[in-house]
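The values are calculated or read from the model by the stated rules, or taken from the named source; none is laboratory data. This structure is a prediction, so every number in the text was calculated from the model and none was measured. A quick note on method: Cβ atoms are made from the backbone with ideal geometry, for glycine too, and the neighbour counts reach across all protein chains shown. What goes into the accessible areas is simple: the full protein's heavy atoms, side chains included, and nothing from ligands, DNA or RNA. Shrake-Rupley method; radii C 1.70, N 1.55, O 1.52, S 1.80 Å.
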Amino acid sequence: MLELYTDRLRLRSLRADDWDNFLMLHQDPIINQFVRRPFDESVILEKFEHRLAPWQYESGDWLTLVIEELGTDKFIGYSGLYCANHEFDHAEVGYMLANEGQGKGYATEGLKAVIDWACLSFQVHKFIGLCAKRNIASAKVLEKNGFQLEGVLRDNYKIDDSWIDDCTYGLLSHERGE
């Protein structure tokens with residue numbers, strides 16, 4: 001089981017007993033407003049079960065890490081990454097926080113831990129972060145971790161009847177912590 005620690009957080013591998021929180025986060029329309037229309041429970045269960053399987057960086061699958069508050073084990077949300085391009089050593093990062101965990105710097109802190117661990121474990125050259133142009137909070141998380149805006153993908157995906165612009169951010173490994 002993978003565990004990463006920060007001053008305030010523990011990030012750990014997803015377990016079967018995380019189902020209720022996984023379902024809650026993936027069904028919340030406010031949390032998902034910039035990501036997708038919430039899926040049916042059966043689709044979320046399939047995604048959850050897939051992510052419970054042993055993870056390999058080269059698989060191209062998402063590593064989902066549970067973010068918990070140190071000392072209380074209070075559920076905060078999820079962070080993780082996947083190998084977006086093995087040949088060029090690119091990894092895409094992501095995070096999703098419960099309402100109670102937002103606005104406290106947890107996403108920034110958790111993402112930094114994931115990035116530092118990935119640099120040591122997989123020699124990632126570049127990290128990529130995508131967020132909807134209107135998702136200002138997510139953009140701030142990336143920027144606080146040193147990501148730079150590299151472009152905007154106009155009308156990149158659709159939620160219901162609305163086209164969403166995606167901001168593409170990048171962080172070169174040697175730039176982290178500058």
Assess whether L9 counts as being open to solvent by less than 60 Å² (accessible area, probe 1.4 Å) and in contact with a strand residue (DSSP E or B) (Cβ under 8 Å, 6 or more places away or on another chain). yes
Scanning the stretch 126-156 residue by residue, those touching a residue at least 24 places away in the same chain (Cβ under 8 Å), open to solvent by less than 60 Å² (accessible area, probe 1.4 Å) and not polar (S, T, N, Q) turn out to be K126, F127, I128, G129, C131, A132, A139, V141, L142, G146, F147
Answer yes if at least one residue in the stretch 89-112 is under 13 Å from L11 (Cβ atoms), of a type in the set (D, E, K, R) and modelled with pLDDT of 95 or more, and no otherwise. yes
Given (1) of a type in the set (S, T, N, Q); (2) over 15 Å from L172 (Cα atoms); (3) surrounded by fewer than 16 Cβ atoms within 10 Å (Cβ to Cβ), Q123 misses just (2)
Which listed residue is in a loop (DSSP other than H, G, I, E, B) and either under 17 Å from the mean Cα position of the chain (by Cα) or buried (at least 18 other Cβ atoms within 10 Å of the Cβ) (or both), from D61, D166, D73, D116: D61
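Among the residues of the stretch 104-113, what is the count of those that are open to solvent by less than 20 Å² (accessible area, probe 1.4 Å) and over 18 Å from H174 (Cα atoms)? Can you show your working first?
Just the residues of the stretch 104-113 that are open to solvent by less than 20 Å² (accessible area, probe 1.4 Å), to begin with: 106-107, 110-111, 113.
So of that shortlist, the ones also over 18 Å from H174 (Cα atoms) come out as 106-107, 110.
Matching residues across the stretch 104-113 total 3.
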Pairs only if they're at least six apart or on different chains, beta carbon under 6 angstrom, first in the stretch 60-71 and without any contact (Cβ under 8 Å) to a residue 60 or more places away in the chain and within 30 Å of H86 (Cα to Cα), second charged (D, E, K, R) and open to solvent by less than 30 Å² (accessible area, probe 1.4 Å); list them, first residue then second. V66/R12; V66/D18
Of the criteria (1) of a type in the set (F, W, Y); (2) open to solvent by 30 Å² or more (accessible area, probe 1.4 Å); (3) assigned to a strand (DSSP E or B), which one Y78 fails: (2)
Take S79 and tell me if it is hydroxyl-bearing (S, T, Y) and farther than 21 Å from A132 by Cα. no
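Are any residues in the stretch 28-58 among the aliphatic types (A, V, I, L, M), over 27 Å from T6 (Cα atoms) and open to solvent by 60 Å² or more (accessible area, probe 1.4 Å), and if so, which ones?
From the stretch 28-58, those among the aliphatic types (A, V, I, L, M) are 30-31, 35, 43-45, 52-53; that's our starting set.
Still in the list and also over 27 Å from T6 (Cα atoms): 30, 43-45.
Selection gives I30, V43, L45.
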